[in-house]
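The values are calculated or read from the model by the stated rules, or taken from the named source; none is laboratory data. Predicted model only: the values in this text are computed from it and were never measured. Virtual Cβ from ideal backbone geometry, glycine too; neighbours counted across all protein chains shown.
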């Protein structure tokens, strides 16, 4: 969460210790990718049974990226220093040194101008992120409690958000006992046999993951997307597909076999987005969560399997979130009903069609 200045200062050291930037920018990205891939393979150690602690894998990948980036930076520095030393070896006067420095500045300016003209869309977006003030502008500096509630003196901005949103997302809002709801559901919501999940469906959904499924899930990712708390974004998994896909396959199969998901799979970075300008009310913000890319890859495998028979389970009237269906059908049906209602004004209310609009509070 983007916090106020006070909270931000308290967490500076913690944030900087886990921040990682990928891709590593270089004039030879393929070579950097190959070096990084080789180092990750060398650094990751599994036991004889092939069991891997995923959280340790994440930490090691972050360390390897930082180490590789630092080494490349040092390499560029020493190469530039050696080149300048060679170029100025024959200079004997201060005037000559000044002229050489002036020439270096001109060359650097021309190169920067040329790079600006040759930037791809991706590099422009990366540069915009570096120079933008989005994070500063989005900083939440003050949240006031709703009437009747009090914040503890030591509460951070994140704690205040959690306290305010707990009433909506942290408790049940049903007015009917759970047992009664279950009975009513069984009474009124009769699921036809042809729309029930079969044993074959369950077997297909929970079958052991294949590395090719994980690879397809990785290849479905889009570049230039924000990372979760571990800092390993889509670009990293796309570039390190050969290394990470087999490991994620083992992690996914461990979860399917009943093992507890890795702790990093359960973490997310919650970002509050303003809906009504600069406000001191937590209810005027909407939280979105940046999940770990590794979690999304494994979940994508299961979602792809589910899409294979989801159309059988969900009625024809629902178009959203079902592969092959389109909202245009629902809109067309609604317009047709409205047209019929206008054409037959004498029809009684009890025989008229209705439109029911539902929405989650503060969604």
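Here the range 224-242 is the region considered, the condition is being within 22 Å of residue 38 (Cβ to Cβ) and surrounded by fewer than 18 Cβ atoms within 10 Å (Cβ to Cβ), and the residue that is nearest to the chain's Cα centre (by Cα) is 238.
Applying the condition of being under 16 Å from residue 302 (Cβ atoms) and touching a helix residue (DSSP H, G or I) at 6+ places or on another chain (Cβ under 8 Å) to the range 193-206 and asking which residue is surrounded by the most Cβ atoms within 10 Å (Cβ to Cβ) yields 201. Determine whether residue 58 is at pLDDT below 90, part of a helix (DSSP H, G or I), in contact with a helix residue (DSSP H, G or I) (Cβ under 7 Å, 6 or more places away or on another chain) and surrounded by 11 or more Cβ atoms within 10 Å (Cβ to Cβ). So residue 58 does not fit the description; no.
Entry remark, the range 266-302: residues being assigned to a helix (DSSP H, G or I), over 20 Å from residue 214 (Cβ atoms) and free of Cβ contacts under 8 Å to residues at least 60 places away in the same chain number 1 in total.
Within the range 147-162, the set of residues being in contact (Cβ under 8 Å) with a residue 40 or more places away in the chain and not in a loop (DSSP other than H, G, I, E, B) comprises 157, 158, 160, 161. Only a single item in (1) in a loop (DSSP other than H, G, I, E, B); (2) surrounded by 14 or more Cβ atoms within 10 Å (Cβ to Cβ) is not met by residue 305, and it is number (1). From the list 139, 68, the one residue that fits, being modelled with pLDDT of 75 or more, surrounded by 10 or more Cβ atoms within 10 Å (Cβ to Cβ) and in contact with a helix residue (DSSP H, G or I) (Cβ under 9 Å, 6 or more places away or on another chain), is 68. If you go through the range 313-351 and keep only what is within 30 Å of residue 174 (Cβ to Cβ) and touching a helix residue (DSSP H, G or I) at 6+ places or on another chain (Cβ under 6 Å), you end up with 313, 319, 322. Flag: residue 144 does not match the condition of being assigned to a loop (DSSP other than H, G, I, E, B) and closer than 20 Å to residue 267 by Cβ.
For every residue, the table says whether it meets (1) within 21 Å of residue 54 (Cβ to Cβ); (2) not in a loop (DSSP other than H, G, I, E, B).
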position: 208; (1), (2): yes, no
position: 222; (1), (2): no, no
position: 228; (1), (2): yes, no
position: 242; (1), (2): yes, yes
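Identify, by number, the condition in (1) free of Cβ contacts under 8 Å to residues at least 60 places away in the same chain; (2) closer than 30 Å to residue 236 by Cβ; (3) in contact with a helix residue (DSSP H, G or I) (Cβ under 7 Å, 6 or more places away or on another chain) that residue 305 doesn't meet. Of (1) free of Cβ contacts under 8 Å to residues at least 60 places away in the same chain; (2) closer than 30 Å to residue 236 by Cβ; (3) in contact with a helix residue (DSSP H, G or I) (Cβ under 7 Å, 6 or more places away or on another chain), only one is false for residue 305: (1). For the range 18-43, the candidate set comprises residues that are assigned to a loop (DSSP other than H, G, I, E, B) and under 25 Å from the mean Cα position of the chain (by Cα); within that set, the residue that is farthest from residue 74 (Cα to Cα) is 19. Checking 359, 284 one by one, the residue that is farther than 30 Å from residue 207 by Cα and surrounded by 10 or more Cβ atoms within 10 Å (Cβ to Cβ) is 284 and no other.
Right, residue 311: closer than 30 Å to residue 214 by Cβ, at pLDDT 80 or above and part of a helix (DSSP H, G or I) or not? Criteria met by residue 311.
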